[in-house]
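Notes for the one structure printed next.
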Amino acid sequence: MATTGLNMAKRNYIVHPHKFNLWLAIISLIMVFGGLTSAYLVARSMVKQPEFFDIPNLLWINTGIILLSSFSMQFAVWRVRKGDEKQALIGLLLTCLMGIVFLFGQYSVYQEMVLGGNYFVDPMRADDSVSYFYILTGLHGTHIIAGLIALFFALIKTGFKMYKPGKKILSIEMTATFWHFLDLLWVYLFVFLLFTQQG
């Protein structure tokens with residue numbers, strides 16, 4: 001039994017099982033958000049006179065922040081590969097900081113939306129565009145939180161020098177892949193919301 005386990009550990013995979021599972025999860029998320037945006041378009045097409053609301057300008061800043069975080073995340077991966085834990089820690093800390101700032105920015109966007117009279121549920125509106133705005137951005141935000149948790153573990157491993165150059169850096173590579181996906185997903189959602197709110 002032990003021999004079988006050893007052979008499994010030494011097996012060379014075309015795609016590591018953990019990475020394969022991550023990509024399955026990413027594909028599932030693409031389907032979820034694709035379904036939600038499609039449902040939004042269908043619901044909007046059924047309204048004779050759809051209503052529009054102004055996209056808060058703060059979302060432009062949030063988009064810039066989340067895109068910059070991808071660069072710091074990738075920088076951390078590059079430094080880990082080189083065995084430079086100090087620089088990698090700086091990259092990971094910057095990524096965490098920008099992720100947190102992004103979340104606070106989204107919270108500020110919600111406050112601005114509410115102050116502008118755009119509530120999550122508003123029976124007076126002819127369509128559900130505002131509700132979809134909250135659902136899409138909120139669901140993305142929950143996955144940013146998940147990404148921050150993964151970043152926290154990457155910080156611990158980097159701080160304790162658990163990554164070896166050229167070896168066993170799978171977890172930080174997967175964290176980077178997930179983070180880059182969340183950044184691209186946000187760009188898609190932001191562009192989608194911009195175009196659907198053009199009157």
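If you go through the stretch 150-162 one residue at a time, do you hit one that is touching a residue at least 40 places away in the same chain (Cβ under 8 Å) and in a loop (DSSP other than H, G, I, E, B)?
Within the stretch 150-162 (the criterion being touching a residue at least 40 places away in the same chain (Cβ under 8 Å) and in a loop (DSSP other than H, G, I, E, B)), the answer is yes, since at least one residue qualifies.
For the subset of the stretch 157-187 comprising residues that are among the aromatic types (Phe, Trp, Tyr) and crowded, with 16+ Cβ neighbours inside 10 Å, which member is farthest from residue 137 (Cα to Cα)?
First, the residues of the stretch 157-187 that are among the aromatic types (Phe, Trp, Tyr): 160, 163, 178-179, 181, 186.
Still in the running and crowded, with 16+ Cβ neighbours inside 10 Å: 163, 178-179, 181, 186.
Values: 163: 34, 178: 17, 179: 16, 181: 15, 186: 8 Å.
The residue in question is 163.
Exactly one residue among 65, 135 is farther than 30 Å from residue 162 by Cβ, out of contact with any strand residue (DSSP E or B) (no Cβ under 6 Å at 6 or more places or on another chain), hydrophobic (A, V, I, L, M, F, W, C) and modelled with pLDDT of 95 or more, and that residue is 135.
Restricting the stretch 69-80 to residues that are touching a helix residue (DSSP H, G or I) at 6+ places or on another chain (Cβ under 7 Å) and more than 19 Å from residue 186 (Cβ to Cβ), the residue that is surrounded by the fewest Cβ atoms within 10 Å (Cβ to Cβ) is 75.
Across the stretch 33-81, the number of residues qualifying as without any contact (Cβ under 8 Å) to a residue 24 or more places away in the chain and among the β-branched types (Val, Ile, Thr) comes to 1.
Of everything listed in (1) over 18 Å from the mean Cα position of the chain (by Cα); (2) outside any loop (DSSP other than H, G, I, E, B); (3) buried (at least 17 other Cβ atoms within 10 Å of the Cβ), the single unmet condition for residue 118 is (2). Across the stretch 130-156, which residue is farthest from residue 178 (Cα to Cα) among those that are loosely packed, with under 14 Cβ neighbours inside 10 Å and of a type outside the set (A, V, I, L, M)? Top of the filtered list is 138. For the stretch 81-88, the criterion of a residue being out of contact with any helix residue (DSSP H, G or I) (no Cβ under 6 Å at 6 or more places or on another chain), under 22 Å from residue 173 (Cβ atoms), assigned to a helix (DSSP H, G or I) and basic (Lys, Arg) is satisfied by at least one position. Residues that are surrounded by 12 or more Cβ atoms within 10 Å (Cβ to Cβ) and part of a helix (DSSP H, G or I) within the stretch 188-199 comprise 188, 189, 190, 192, 193, 194, 196, listed in sequence order.
Taking every residue in the stretch 111-132 that is over 16 Å from residue 40 (Cα atoms) and pairing it with any residue that is among the hydrophobic types (A, V, I, L, M, F, W, C) and assigned to a loop (DSSP other than H, G, I, E, B), at least 6 positions away or on another chain, the pairs with Cβ-Cβ distances below 8 Å are 113/53; 116/53; 118/53. Within the stretch 55-67, can you find the residues that are closer than 11 Å to residue 193 by Cβ, outside any helix (DSSP H, G or I) and not β-branched (Val, Ile, Thr)? Selection gives 56 alone. When 46, 113, 124, 31 are screened for being surrounded by 13 or more Cβ atoms within 10 Å (Cβ to Cβ) and not small (Gly, Ala, Ser), only 113 passes.
The values are calculated or read from the model by the stated rules, or taken from the named source; none is laboratory data. Worth saying up front: this structure is predicted, and the values here are computed from it rather than measured. Quick reminder, even Gly has a Cβ in these numbers, built from the backbone with ideal geometry, and neighbours come from all protein chains shown.
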